[in-house]
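Participant: For reference, the structure I am asking about is given below.
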Amino acid sequence: MIAAGVASMGRAATTTTTNPTTQSRWPRAVTRLRLALRSPAAAASGSKHWIGCFRPAPEPASSPAVAVLKEAKGKRPEVEKEPARGGGEDVWSAQAEAEVAQGGGFPEHLVVMVNGLVGSADDWKFAAEQFVRRMPEKVIVHRSQCNSATQTFDGVDLMGERLANEVLSVVEQRRGVKKISFVAHSLGGLVARYAIGRLYEPNNRNISSSEKSRDESERLEGFIAGLEPMNFITFASPHLGSSGNKQLPFLCGLPFLERRASETAHLIVGRTGKHLFLTDNDDGRRPLLLRMVDDCDDIKFRSGLRSFKRRVAYANANFDHMVGWRTSSIRRQHELPKHRLLVRDEKYPHIVHVDKGVTNNNETEARSDLYDPEEEMIRGLTQVPWERVDVSFQKSTQRLVAHNTIQVKSYWLNSDGADVINHMMDNFLV
């Protein structure tokens, strides 16, 4: 980053100088950079964004940080960003940092955002900044970057292991956090489910007298990376995989194309393709997505999900060409809301149906004697309650990119999804 800054200053010097005899502008650029770093004004403002690891000690009550805090009153909070140890980027409010300088506490709720296939941490830029501006004193957002670009071809399990390690690094670095939530898009939902299974710790603490008086449902089922699990939220994630009729909509539901896709997906997206189409059999074991609906010996997938206070699945009801409605909302075909029942909300124009969800223990749903992997995954995942939020961009000019619009991947291209992000934040447990 410093090298980039030096290069930028070198270029600026080359275009503005009036001395034609100077052979190199680098010494002058380096001198300017050093002066900027020594400048008290720079240290109190812009330099903190990109040299966070050299952040000075908390300042006294008369410091510029206090002035920032006072000026922030009544204004939209500014956003601070800093590369996180282990990868990714932490985002929080400058107002919260100013309060820390006065001796206050740092936000206690860590929100981990996970990108999808061929994505990056930048995919959650808009949502992350909205989070910290809406809840400046409560949340710190970590945009994961351990699985970006072609790394997303490595398989759900390997990506999940990387995410788990990244989260542990962030928690180690941010010792003040006490709660954790996950917000994931597309393939990132499966990666996050794998990671929380790895990070799950059962609640084996002795129950105190104060806890005994609490309702049984309020007691913690367990911990994720040592923190209290709050929200597990996915956007257009293929929870049931991509095999089956119309689970990969751009194939138009044609059996021939869907069959060929399952046979060749691994040639395009590597092991991830095998996992999505349930064609993996590593060491003779069952497909990974089938194993991820229950607890395994070493990874507690279902217990990890159960430990969260909320599980929410946002799903595109139409125009999502990458992930089908059934797989993203974890429902059977006949359980999908009828189009005539979809009612728009004035506050959230693209939210067309909200189902608070209940635990599904009904074992009579499957009426066929044939084995159905999709049915097995639905039964396993619905052993814990899910909230389903159905989204439709049918009347939006951005409907053809609904898969990215639902998370506002790029505000200039996907701005119509802003009300979906607002809906998530309005219902977020902090």
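Participant: Can you give the FRET efficiency to the nearest 0.05 for His334 and Lys178, using r as the Cβ-Cβ distance and R₀ = 45 Å?
Facilitator: 0.60
Participant: What distance in nm separates the two pseudo spin-label positions at Glu387 and Asp297, each 7 Å out from Cα along the beta-carbon direction?
Facilitator: 3.8 nm
Participant: What net charge do the residues around Tyr348 carry, taking every other residue with its C-beta under 10 Å from that of Tyr348, with Lys and Arg at +1 and Asp and Glu at -1?
Facilitator: It works out to a net charge of -2.
Participant: May I pose another question? If packing is taken as the average number of other Cβ atoms within 10 Å across a peptide's residues, how do 398-411, 232-245 rank, most packed first?
Facilitator: 232-245, 398-411
FYI, it's all coordinate maths here, none of it is from the lab. Computed from a predicted structure; not experimentally measured. Methodologically, a virtual Cβ is constructed for each residue, glycine included, from the backbone with ideal geometry; neighbour enumeration extends over all protein chains shown.
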